[in-house]
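Some notes on the structure that comes next.
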Amino acid sequence: MTRSAAAEALDKAYRPWQVRIFSATWLAYAGYYFCRKPFYVVKADMAGSLHLSAAQLGDLGTVFLAAYAVGQFSSAYFGRKLGPRLLLLLGIVISVICNLAFGAANGYWTLMLFLALNGMAQGTGWPGCIGSLAYWFRRDQRGSVLGVWSTCYQAGSFLATAWAAWLLGRAGWRWSYFGSAILLLGIWLVVVLLHPDRPEKAGLQPLEPEEEPSVAAKQTIAGKEGLGWTLNTTITILIMGSIYFSIKFLRYALWSWAPFFLRQNFGLTGDKAGYLSTVFEVAGFLSVMLSGFVSDKLFHGRRAFLCFAMLAMMTLSFVLMSTLGAGSVVFFTLAMALAGLMLFGPDSLLSGAGAIDVGSRRGALAAAGIINGMGSIGPIFQEEIIGRMYTHAGQDLTPIFQVLVWVAAAGTAVMFLLWVRARQGKANI
């Protein structure tokens, strides 16, 4: 049997298992959103019922997102101990329990306690999924495969938002939580049946040989046993995390506040505001698939320039939002769509395929946890900044949108530096 024939035989043996791991992780991460998005959809109605101010809503969101960042960082450690499958299953169960508690909550402090716990649980999702996928697909497949796979967080966010909005309109804000928790519990059962864990457990040999770290690399990474990261690798991961800070600041700013703004500033009903805000995810759905395919086929797995170009266009979309969107629901919606089209591609490439490429298979879960953990600090700041600016500016959206422009521009500038490092051979992305 020739070498190419052997490789084809291995690909054929992997194929049914790849379908299973793809399906299980796609469903798992899409499912996480059903217990993440209801809080953002029901903000205005819940605030009215429980007498919460915009600043208090910002504090609640901050607690969730701070815990989410901690969950991302801790997953980089605990995921290697527990394995990606167990990490996912535990995270989903805890998140279900927390959302049942939200639906029964009657006070600020109860919400805060369970939002913190839910944040920790939600933080297991992305590292667990990326850690699973890293072992099942070759590098030359990852951009395209993860481009399609990353539709999970557009589809999950879109469906979770629409589901919570529908339940809000039909049964009230409490059932937005209850109904979403029940649905995620069903997804948990499917993941239990489908998730195959690592290839070795299925009797398969690795698709690719693991890149061996040099002696210098091993010395550089003292204290990070088994990851095989060089100093340049570590620097690249930290730069990617800082870019992801900007991306997630902006993504969560729109996820968290767009339905609220549409309700409070543009006069839409709660369910209609929730539906309209999904234009951001709908545009992002196309973005992740197209960017993954282009990064593989046109850039041959080198993703830095594509991310830079898309983030530059994303910055222009926030300029449109700040100049025309603050006073017009049409331009605000158009700016959200353009932002989604340009934001989600780099979001997916940096945190998914890029984390695996840079961190290697054995370090993919840790790289994803660090990049996402750093990125998840961004949403913490946006909750506090936007919540307080909205109150102090008398509900004027213009200064808020101007902040988004500056954050977008900063992320684009750092992405340019990463592209320069990649051209110099210092960053494997």
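For region 257-285: of the residues being within 16 Å of the chain's Cα centre (by Cα) and assigned to a helix (DSSP H, G or I), which is farthest from Y33 (Cα to Cα)?
If we take residues in region 257-285 being within 16 Å of the chain's Cα centre (by Cα) and assigned to a helix (DSSP H, G or I), then A283 is farthest from Y33 (Cα to Cα).
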Legend entry - Residue satisfying all of: in region 391-429; among the β-branched types (V, I, T) and over 17 Å from S242 (Cβ atoms); surrounded by the most Cβ atoms within 10 Å (Cβ to Cβ) among these: I400
Inset, instruction - Give the residues of region 26-84 that are under 27 Å from L268 (Cα atoms) and not in a helix (DSSP H, G or I), sorted by residue number. - result: R36, K37, V42, H51, L52, S53
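Quick one: which of G274, G241, G267, G284 is on the phi > 0 side of the Ramachandran plot and either surrounded by fewer than 18 Cβ atoms within 10 Å (Cβ to Cβ) or not polar (S, T, N, Q) (or both)?
The match here is G267.
Quick check, is S95 under 17 Å from S376 (Cβ atoms) and in a helix (DSSP H, G or I)?
yes
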Inset, instruction - Quickly run through region 168-204 and pick out the residues that are charged (D, E, K, R), touching a residue at least 60 places away in the same chain (Cβ under 8 Å) and within 15 Å of I21 (Cα to Cα). - result: D197, R198
Inset, instruction - Kindly indicate whether G119 is farther than 21 Å from D197 by Cα and buried (at least 19 other Cβ atoms within 10 Å of the Cβ). - result: yes
Inset, instruction - Tell me, yes or no, whether region 24-34 has at least one residue that is within 21 Å of L113 (Cβ to Cβ), buried (at least 22 other Cβ atoms within 10 Å of the Cβ) and not acidic (D, E). - result: yes
Legend entry - Filter result (in contact with a Gly (Cβ under 8 Å, 6 or more places away or on another chain) and without any contact (Cβ under 8 Å) to a residue 60 or more places away in the chain) within region 89-103: G91
Inset, instruction - Considering each residue of region 288-314, count those that are surrounded by 24 or more Cβ atoms within 10 Å (Cβ to Cβ) and farther than 18 Å from A355 by Cβ, and give that number. - result: 1
Inset, instruction - Scan region 122-133 for residues that are touching a Ser or Thr at 6+ places or on another chain (Cβ under 8 Å) and under 17 Å from L194 (Cα atoms) and report the count. - result: 5
Legend entry - Any hit, region 67-84, residues being under 20 Å from L27 (Cβ atoms) and either surrounded by fewer than 19 Cβ atoms within 10 Å (Cβ to Cβ) or over 19 Å from the mean Cα position of the chain (by Cα) (or both): yes
Legend entry - Output for region 316-331, where each listed residue is surrounded by fewer than 23 Cβ atoms within 10 Å (Cβ to Cβ) and assigned to a helix (DSSP H, G or I): L316, V319, L320, S322, T323, L324, V329, V330, F331
Legend entry - In region 95-110, the residues that are among the aliphatic types (A, V, I, L, M), in contact with a helix residue (DSSP H, G or I) (Cβ under 7 Å, 6 or more places away or on another chain) and modelled with pLDDT of 90 or more: V96, L100, A101
Legend entry - Count of residues meeting criterion [assigned to a helix (DSSP H, G or I), more than 23 Å from the chain's Cα centre (by Cα) and modelled with pLDDT under 90] in region 146-172: 3
Legend entry - Pairs where the first residue, in region 271-294, is over 19 Å from R170 (Cα atoms) and the second is crowded, with 21+ Cβ neighbours inside 10 Å and acidic (D, E), C-beta under 9 Å, 6+ apart: G284/D347; S287/D347; V288/D347
Inset, instruction - Could you run through region 373-422 and say how many residues are without any contact (Cβ under 8 Å) to a residue 40 or more places away in the chain and over 21 Å from Q264 (Cβ atoms)? - result: 3
Inset, instruction - Looking only at region 85-94, decide whether some residue is among the small types (G, A, S) and at pLDDT below 90. - result: no
Legend entry - For F178: the one exception among (1) modelled with pLDDT of 90 or more; (2) exposed (fewer than 14 other Cβ atoms within 10 Å of the Cβ); (3) in contact with a helix residue (DSSP H, G or I) (Cβ under 9 Å, 6 or more places away or on another chain): (2)
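The values are calculated or read from the model by the stated rules, or taken from the named source; none is laboratory data. If you're wondering where the values come from, they're calculated on a predicted model, not measured in any experiment. Here the Cβ is made from the backbone with ideal geometry for all residues, glycine too, and neighbour counts use every protein chain on show.
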